[in-house]
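The values are calculated or read from the model by the stated rules, or taken from the named source; none is laboratory data. Because the structure is a prediction, the values reported are computed rather than measured. Quick reminder, even Gly has a Cβ in these numbers, built from the backbone with ideal geometry, and neighbours come from all protein chains shown. Note: areas computed on protein heavy atoms with side chains; ligands, DNA, RNA excluded. Shrake-Rupley method; radii C 1.70, N 1.55, O 1.52, S 1.80 Å.
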Amino acid sequence: MQIPYELILGWRYTRAGRATRRNGFISFISGVSMLGIALGVAALIIVLSVMNGFQKEVRDRMLGVVSHIEVISADGGALPDAQATLKTVTAHSSVLAAAPFISAQALLARGEDMKGVMVRGIDPALEPAVTDLTPGVQSQALAQLQPGQFGVVLGVDLARMLGLRVGDPVTLVSPSGQITPAGVVPRLKQMKVVGTFSSGHYEYDSALALIHVDDAGRIFRLEGPSGIRLKLRDLHQARQVAYELAAVLPPEVLVRDWTQQNRTWFAAVQVEKRMMFIILTLIVAVAAFNLVSTLVMTVTDKRADIAILRTLGASPASIMGVFVVQGAMVGVIGTLSGLALGLLVAFNIDVIVPALESLFQASFLPKDIYLISRMPSEPQSADIVPIAIISLVLAFVATLYPSWGASQVNPAQALRYE
């Protein structure tokens, strides 16, 4: 099969500067454009992969405490018919496990120290099936949450704030008081710390207390669980499953998924990721439009060649095609090099970052400041494919004007002084 001469000439012009001193500067500018595109594409892939990794790490730690879906009573009290609701939600094909719970706000007091907490009453036998918090709980802590014993498992930061250790007593103050002749008096309950947990998320480690669901019912005067926590086969289908469950459950029951419970955080991450994509795309755009100056200088240098080709019968479209091929070659090579470099770094960032930390004797993610002490990375095709397409499109667009200028060269004027 005969290769079009536009491709041959375009490729020859792309690498011509390496062999001739005359075109050395043009080749240098072309190489700089190629390198700029490669670095821009690599930077985009690395940054977005790291942001995806951070989002996944934080999401997984968050879901260690927050369930995929929660079915709760609309009035904040006990579910109207907990057993029927439990039977309905577990019948859904996407639901792996379910566990009842009671959630309420209260105060924990130890001496003069008091702290507002979110108390969650759980069933120790069913809770491990719907949450990944169990590995972060001290050994045998959940097993000691026996009904009637009024034991409590605290987040490590909460226990540290109140100066509590395993075995210490602590007072739980319920906001719903009891009516006495002297007025409404807050109800107090002496409890015993039976363990601590660490979810890796400060918001929960500093404000969450776990007790048995039966004890929570007695303390907060509820006749049953206030909600049911669900674990799904695929957490990304939570919104759709929540919509389907809401359609079959009674109106006095609310269904909310994990994206709704943390909507602000996930929206902020998406906005930040979108802005980083736009900002770093400008780097690729600057490098791609450097091709304009490269091709303009190449057209000026090749005016005689263009005139000879026109004299031999080449059409303006063919002349334009030659220089489009030249610019596109730079864009393709730069994009492919950037993809290779970006993916190489993104997939090996867990090796590269520790090596840099060891070399410079520095810690990029101090454990006492950040939730995550290692640099995570998760390259996704949904990010990589648009990056490659945008880079190629920008490089192609940058070639159009110089290539069109080359097709308008007048052969007689170009050869006048040759």
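The table that follows gives values for the structure above.
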| item | result |
| --- | --- |
| Unique residue being among the aliphatic types (A, V, I, L, M) and modelled with pLDDT of 85 or more when the list is A340, A362, A412 | A340 |
| Options R120, R61: the member that is basic (K, R), under 30 Å from the mean Cα position of the chain (by Cα), within 25 Å of R256 (Cα to Cα) and at pLDDT 80 or above | R120 |
| Filter result (in contact with a Ser or Thr (Cβ under 8 Å, 6 or more places away or on another chain) and outside any loop (DSSP other than H, G, I, E, B)) within the range 248-288 | V248, V253, L254, W258, F266, V284, A287, A288 |
| For R120: the one exception among (1) closer than 30 Å to G163 by Cα; (2) in a helix (DSSP H, G or I) | (2) |
| V351 vs. criteria surrounded by 20 or more Cβ atoms within 10 Å (Cβ to Cβ) and either touching a Gly at 6+ places or on another chain (Cβ under 9 Å) or of a type in the set (A, V, I, L, M, F, W, C) (or both) | no |
| Per-region count, the range 188-201, residues out of contact with any helix residue (DSSP H, G or I) (no Cβ under 6 Å at 6 or more places or on another chain) and open to solvent by 10 Å² or more (accessible area, probe 1.4 Å) | 3 |
| Every residue from the range 155-173 that is part of a loop (DSSP other than H, G, I, E, B) and among the aliphatic types (A, V, I, L, M) | L164, V166 |
| Whichever residue in the range 75-95 is of a type in the set (S, T, Y) and not in a helix (DSSP H, G or I) and, among such residues, is least open to solvent (accessible area, probe 1.4 Å) | S94 |
| Some residue of the range 231-247 being of a type outside the set (D, E, K, R), open to solvent by 50 Å² or more (accessible area, probe 1.4 Å) and outside any helix (DSSP H, G or I) | no |
| Output for the range 308-337, where each listed residue is open to solvent by less than 30 Å² (accessible area, probe 1.4 Å), under 15 Å from I29 (Cα atoms) and β-branched (V, I, T) | V330 |
| Members of the range 248-259 found to be closer than 17 Å to M62 by Cβ and open to solvent by less than 80 Å² (accessible area, probe 1.4 Å), listed by number | D257, W258, T259 |
| Verdict on A43 being modelled with pLDDT of 85 or more and under 34 Å from the mean Cα position of the chain (by Cα) | yes |
| Residue match in the range 317-324 (condition: among the polar types (S, T, N, Q) and modelled with pLDDT of 85 or more) | no |
| Enumeration of residues in the range 291-307 that are surrounded by 15 or more Cβ atoms within 10 Å (Cβ to Cβ) and aliphatic (A, V, I, L, M) | L291, V292, L295, V296, M297, V299, I306, A307 |
| Residue list for the range 216-230, filter: under 38 Å from the mean Cα position of the chain (by Cα) and in a helix (DSSP H, G or I) | A216, G217 |
| Filtered residues of the range 281-301 (kept if in contact (Cβ under 8 Å) with a residue 24 or more places away in the chain and polar (S, T, N, Q)) | T281, N290, S293, T294, T298 |
| The listed residue being touching a Phe, Trp or Tyr at 6+ places or on another chain (Cβ under 6 Å) and either of a type outside the set (V, I, T) or modelled with pLDDT under 85 (or both), out of R229, R274, R256 | R229 |
| Test for V284: is it over 20 Å from the mean Cα position of the chain (by Cα), buried (at least 17 other Cβ atoms within 10 Å of the Cβ) and at pLDDT 80 or above | yes |
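A quick yes/no check of all residues on (1) of a type in the set (G, A, S); (2) part of a helix (DSSP H, G or I); (3) modelled with pLDDT under 80; (4) surrounded by 17 or more Cβ atoms within 10 Å (Cβ to Cβ):
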site: G116; (1), (2), (3), (4): yes, no, no, no
site: D132; (1), (2), (3), (4): no, no, yes, no
site: Q140; (1), (2), (3), (4): no, no, yes, no
site: Q149; (1), (2), (3), (4): no, no, no, no
site: V153; (1), (2), (3), (4): no, no, no, yes
